[in-house]
Amino acid sequence: MPPAKGPTVRETALAARIAELEAELRARDDFLAIAAHELRNPMTPISARLELLLARARHMSGSVPAGLVHGLELLEELVNAYLRRATTLLEVARASSGKLNLQTAEVDLSALIRQVAANLLPMAESAGCQLRITVEDGVNALCDPMGVEQILENLLSNAIRFGPGRPVEVSFARDGELARLSVLDEGVGISDCDKGLIFERFHRSRRAKPNGGFGVGLWVTRQLVRAMRGEISVSSRRGAGSAFTVRLPLGSGSTVHGD
Ligand SMILES: Nc1ncnc2c1ncn2[C@@H]1O[C@H](COP(=O)(O)OP(=O)(O)OP(=O)(O)O)[C@@H](O)[C@H]1O
Ligand SMILES: [Mg+2]
């Protein structure tokens, strides 16, 4: 039998280059995580202060200038949109480097889903979408509340952005050993060709407006759903709206993995 050959010079050089590129990618992901974190953090106290101001202005509505409450409400919506965007960036960075780091706890999912949907009411209103929320009471699960929040925010903000002026429906119920969350819209819909691609990173339909998002919300959503041992599916027809359904096991712990 001929002696086993060692790697050639070319193979060694290639392996070194791959290691170098992997290190560069890790550095990029770390930088993205730090940048997203730094961009998001200062906005949290601003948002809290704004909420306080808004509550006071509403309380004194008879004696504050007309339009002030409305102005503050618009500002709150903009700040919340910024926070959602920065949170998505942070999740992308974490998911890319396989550090989703879910914090599993016993969660009242019914209350959480109601709260998150209510947080998006102003966005729905300004897009002219009537938001219908149907939630079965008392569904608890072992899961990561921030992850669930992010999942619903991504699906619901998509439904509103891609279905303006039309009703949007959020429904949540227990389904055997699973929790089933659905977000339905009557918007532009998704072509068969796009359906296979929308969960990929940075994919946006060619028809998507240039001022839209990064094209990462659904990718992050799927990473989170998978990390919670759940699954996500979509059914849609171009021009006839979309329905996204997430199924999460009620009793699961979480695993962390990315692709
Ligand atoms: N409810 C929907 N109706 C129609 N198209 C949708 C819907 N949700 C997603 N899409 C399509 O899938 C693409 C990817 O969605 P995704 O949420 O990942 O990115 P995005 O919304 O464009 O940006 P981001 O979420 O990063 O702000 C969208 O750009 C759009 O083309
Ligand atoms: Mg999105």
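Residues in region 173-192 that are more than 10 Å from ligand 1 (Cβ to nearest atom) and either polar (S, T, N, Q) or within 24 Å of Val92 (Cβ to Cβ) (or both): how many? Of the residues in that region, 2 qualify. Selection within region 185-206: residues that are within 16 Å of the chain's Cα centre (by Cα) and not β-branched (Val, Ile, Thr). The member of this set that is nearest to Val116 (Cα to Cα) is Phe199.
Within the set Gly6, Gly71, Gly67, the sole residue that is without any contact (Cβ under 8 Å) to a residue 40 or more places away in the chain and on the phi > 0 side of the Ramachandran plot turns out to be Gly67.
For the residues Glu73, Glu22, the requirement of being within 29 Å of Leu224 (Cβ to Cβ) and among the acidic types (Asp, Glu) singles out Glu22. Annotation: of all residues in region 101-133 being touching a Ser or Thr at 6+ places or on another chain (Cβ under 7 Å) and in a loop (DSSP other than H, G, I, E, B), the one that is surrounded by the fewest Cβ atoms within 10 Å (Cβ to Cβ) is Thr104.
Give the residue, chosen from Val92, Val168, Val148, that is assigned by TED's automatic domain parsing to the domain that holds Asp29 and among the β-branched types (Val, Ile, Thr).
Val92
The set of residues from region 235-252 being near ligand 1 (Cβ under 8 Å from one of its atoms) and either modelled with pLDDT under 95 or over 15 Å from Ala179 (Cβ atoms) (or both) comprises Ser236, Gly241, Ser242. In the set Phe199, Phe162, only one residue is in contact with an Asp or Glu (Cβ under 7 Å, 6 or more places away or on another chain) and either farther than 19 Å from Ala86 by Cβ or touching a residue at least 60 places away in the same chain (Cβ under 8 Å) (or both); that residue is Phe162. Can you spot a residue in region 158-172 that is in a strand (DSSP E or B), under 27 Å from Leu90 (Cβ atoms), within 14 Å of ligand 1 (Cβ to nearest atom) and touching a Ser or Thr at 6+ places or on another chain (Cβ under 9 Å)? Yes; the residues of region 158-172 include at least one that is in a strand (DSSP E or B), under 27 Å from Leu90 (Cβ atoms), within 14 Å of ligand 1 (Cβ to nearest atom) and touching a Ser or Thr at 6+ places or on another chain (Cβ under 9 Å). Residue-level check: of (1) within 15 Å of ligand 2 (Cβ to nearest atom); (2) touching a helix residue (DSSP H, G or I) at 6+ places or on another chain (Cβ under 6 Å); (3) at pLDDT 95 or above, Glu149 misses just (3). The single condition among (1) out of contact with any Asp or Glu (no Cβ under 8 Å at 6 or more places or on another chain); (2) surrounded by fewer than 16 Cβ atoms within 10 Å (Cβ to Cβ) that Gly213 does not meet is (2).
The values are calculated or read from the model by the stated rules, or taken from the named source; none is laboratory data. Bear in mind that the values here come from a model prediction, so they are computed numbers and not experimental data. Virtual Cβ from ideal backbone geometry, glycine too; neighbours counted across all protein chains shown.
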